[in-house]
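Heads up: the structure comes next, in structure tokens.
The values are calculated or read from the model by the stated rules, or taken from the named source; none is laboratory data. Everything quoted here is computed from the prediction, not taken from an experiment. When we count neighbours, we look across all protein chains shown, and the Cβ atoms used for this are built from the backbone with ideal geometry, even at glycine.
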Amino acid sequence: MSAATLGKDTAGEVRFLARELKTPVIAEMFQTLGDQARTEGWSHEEYLAAVLGRQVASRAANGTRMRISGAHFPAVKTLEDFTFEHLPGAPRDVIAHLATTTFVARRENVVLLGPPGTGKTHLAIALGIK
């Protein structure tokens, strides 16, 4: 049974149930993934895992986006964009260690000191985003 022959009642019911569960990606993807599952011979469990996996991935991405937005960073900065020439005194190994964000799990503070215009804010935002 393809998406075209899937009963309107069944498709409508899945969309309704997905809306009730607040899982919009399921409502959006179940038919496409269903067609792919039939074509490739997936089991019911594989299909369910694929649909739920898409929903979970979407939620994780949206959660990250909302946390970054809620942090009210003045601009989005990343470690990849950081230029070490602005901080000649900062050892790359220290910044690489900070990039692992292990200090967060250990609940340690990080203090960035230096003259204006040397990238302290860029580094702080990049660590916050990571």
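Looking at the structure I just gave you, is Leu98 assigned to a helix (DSSP H, G or I) and in the same structural domain as Leu21 (by TED's automatic domain parsing)?
Details: assigned to a helix (DSSP H, G or I): yes; in the same structural domain as Leu21 (by TED's automatic domain parsing): no.
In short, no.
Kindly indicate the residue of region 101-130 that is assigned to a loop (DSSP other than H, G, I, E, B) and of a type in the set (Gly, Ala, Ser) and also surrounded by the fewest Cβ atoms within 10 Å (Cβ to Cβ) among those meeting that condition.
First pass over region 101-130, keeping only residues assigned to a loop (DSSP other than H, G, I, E, B): 101, 106-119, 130.
Restricting the remaining residues to those that are of a type in the set (Gly, Ala, Ser) gives 114, 117, 119.
On the way: Gly114: 13, Gly117: 8, Gly119: 19.
Among them, the one singled out is Gly117.
If you check Ala105 against the conditions, is it hydrophobic (A, V, I, L, M, F, W, C) and not assigned by TED's automatic domain parsing to the domain that holds Gly34?
yes
Conditions tested, residue by residue: (1) out of contact with any strand residue (DSSP E or B) (no Cβ under 7 Å at 6 or more places or on another chain); (2) assigned to a helix (DSSP H, G or I); (3) over 28 Å from Gly128 (Cβ atoms).
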{"residue": "Ala27", "(1), (2), (3)": "yes, yes, yes"}
{"residue": "Asp35", "(1), (2), (3)": "yes, yes, yes"}
{"residue": "Glu46", "(1), (2), (3)": "yes, yes, yes"}
{"residue": "Ile68", "(1), (2), (3)": "yes, yes, no"}
{"residue": "Phe73", "(1), (2), (3)": "yes, no, no"}
{"residue": "Lys77", "(1), (2), (3)": "yes, no, no"}
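How about region 49-84: which of its residues are farther than 30 Å from Gly34 by Cβ and basic (Lys, Arg)?
Scanning region 49-84 gives Arg67, Lys77.
Would you check if there is a residue in region 56-65 being modelled with pLDDT of 85 or more, over 30 Å from Ile125 (Cα atoms) and loosely packed, with under 12 Cβ neighbours inside 10 Å?
no
Which residues, counting only those in region 22-34, are of a type in the set (D, E, K, R) and within 13 Å of Ala11 (Cα to Cα)?
Within region 22-34, Glu28 is the sole residue that qualifies.
Residues are listed down the side, and each one gets a yes or a no for (1) out of contact with any Leu (no Cβ under 9 Å at 6 or more places or on another chain); (2) of a type in the set (A, V, I, L, M, F, W, C); (3) modelled with pLDDT of 95 or more; (4) surrounded by 12 or more Cβ atoms within 10 Å (Cβ to Cβ):
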site: Thr5; (1), (2), (3), (4): yes, no, no, no
site: Asp9; (1), (2), (3), (4): yes, no, no, no
site: Arg19; (1), (2), (3), (4): yes, no, no, yes
site: Pro24; (1), (2), (3), (4): yes, no, no, yes
site: Ile68; (1), (2), (3), (4): yes, yes, no, yes
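Give the residue, chosen from Val76, Val94, Val104, that is within 16 Å of the chain's Cα centre (by Cα) and within 30 Å of Ala126 (Cα to Cα).
Val76
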